[in-house]
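Novice: The structure follows.
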Amino acid sequence: EEADVVGLQEVDRHWSARSDFVDQAAWLARELNMHVVYGANLDRDPLNPGEPRRQYGTAILSKQPILDSENTYLPRYDGHEQRGLLRARIVVRGVPVQVYNTHLQHNDAAERLDQVEAIKNLIGTPDESVVLVGDLNATPGAPEIDALVDELVDAWEAAGVGDGYTYPVEDPDRRIDYVMSSDGVVARTAAVVTTDASDHLPTWADLLLPGSKVGVERSTTGRSD
């Protein structure tokens, strides 16, 4: 898809036999000739001494160098998976942008709303453009999505055509994967990519950053499966 930036969720890093203990984030960066940062939301001891730690989380791939990054844990209810917000600061065609990637809790709306409030606090009132991508595990109109679009623009609502369903891949019936951006970022087109590479269909958006005279930022959210 020739994306400038890609946000991936459910990314294994030496995690288990299901992914052959591969560092998926590093492998994808090499194959795509892109820069990468990784946010480990689960971090376990190796099966054998001396082997790399086993990690599971999110990744951001970028055609442009990543200037700085951080991963912040989000609120977690007892017994639930730790989730995080991964941030990467990059410059696309001379324009700085803060890219955020997340994967919200799949089975608890109250927890998702707490996670969204934490995300809004972490983003704050930035001096630079913001793009948020991720599997938010909630459909448009849900309170947690409404809380985000109070301050961010849903690229699909701005530029998509049709329902934009992304899950499940065999017969999609809901939109739970998003590209959002701050005011001033213009969503020129948005699309759902047809592929069987994952159990979700990727969402793709063509974004024009403020001050950008040539080119755009193409952002995609997807999963590593």
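Novice: Output the number of the condition that residue 13 fails; it satisfies all remaining conditions of (1) touching a Lys or Arg at 6+ places or on another chain (Cβ under 6 Å); (2) in contact (Cβ under 8 Å) with a residue 40 or more places away in the chain.
Specialist: Tallying (1) touching a Lys or Arg at 6+ places or on another chain (Cβ under 6 Å); (2) in contact (Cβ under 8 Å) with a residue 40 or more places away in the chain, residue 13 fails exactly one: (1).
Novice: Here's another thing I want to ask about it. Could you figure out which of (1) surrounded by fewer than 18 Cβ atoms within 10 Å (Cβ to Cβ); (2) touching a strand residue (DSSP E or B) at 6+ places or on another chain (Cβ under 8 Å) isn't true of residue 108?
Specialist: (2)
Novice: Right, here's the next one. Yes or no: segment 37-55 includes at least one residue that is hydroxyl-bearing (Ser, Thr, Tyr), within 18 Å of residue 90 (Cβ to Cβ) and surrounded by 12 or more Cβ atoms within 10 Å (Cβ to Cβ).
Specialist: yes
Novice: Hey, among 60, 90, which residue is open to solvent by less than 10 Å² (accessible area, probe 1.4 Å), assigned to a strand (DSSP E or B) and touching a residue at least 60 places away in the same chain (Cβ under 8 Å)?
Specialist: Within the list 60, 90, the selection yields 90.
Novice: Another question about this same structure. When the residues of segment 13-36 are filtered to those that are in contact with a strand residue (DSSP E or B) (Cβ under 6 Å, 6 or more places away or on another chain) and outside any loop (DSSP other than H, G, I, E, B), which remaining residue is modelled with the lowest pLDDT?
Specialist: Looking at residues that are in contact with a strand residue (DSSP E or B) (Cβ under 6 Å, 6 or more places away or on another chain) and outside any loop (DSSP other than H, G, I, E, B), I get 19.
Novice: Anything in segment 133-151 that is open to solvent by less than 20 Å² (accessible area, probe 1.4 Å) and in contact with a Leu (Cβ under 6 Å, 6 or more places away or on another chain)? List them, or say none.
Specialist: 136, 144, listed by residue number.
Novice: Taking segment 124-140 as the region of interest, how many residues are assigned to a loop (DSSP other than H, G, I, E, B) and touching a residue at least 12 places away in the same chain (Cβ under 8 Å)?
Specialist: Total satisfying the criteria: 7.
Novice: Shifting gears a bit: Starting from segment 141-160, keep only residues that are farther than 15 Å from residue 203 by Cα, then list their pairs with residues that are surrounded by fewer than 16 Cβ atoms within 10 Å (Cβ to Cβ) and of a type outside the set (Val, Ile, Thr) whose Cβ atoms are within a distance under 8 Å, requiring at least 6 positions of separation or different chains.
Specialist: 142/109; 143/109; 144/109; 147/117; 147/120; 148/120; 149/157; 151/120
Novice: Residue 73 - would you say it is more than 19 Å from the chain's Cα centre (by Cα) and open to solvent by 60 Å² or more (accessible area, probe 1.4 Å)?
Specialist: Here the answer is no, as residue 73 does not meet what is asked.
Novice: Looking for whichever is assigned to a helix (DSSP H, G or I), modelled with pLDDT of 95 or more, under 23 Å from residue 77 (Cα atoms) and out of contact with any helix residue (DSSP H, G or I) (no Cβ under 8 Å at 6 or more places or on another chain) here; the options are 107, 101, 121. Which one fits?
Specialist: Among 107, 101, 121, only 121 is assigned to a helix (DSSP H, G or I), modelled with pLDDT of 95 or more, under 23 Å from residue 77 (Cα atoms) and out of contact with any helix residue (DSSP H, G or I) (no Cβ under 8 Å at 6 or more places or on another chain).
The values are calculated or read from the model by the stated rules, or taken from the named source; none is laboratory data. All values derive from a computational prediction rather than experimental measurement. Cβ coordinates were reconstructed from backbone atoms using ideal geometry, including for glycine residues, and neighbour counts include every protein chain displayed. Accessible surface areas use protein heavy atoms only, side chains included; no ligands, DNA or RNA. Shrake-Rupley method; radii C 1.70, N 1.55, O 1.52, S 1.80 Å.
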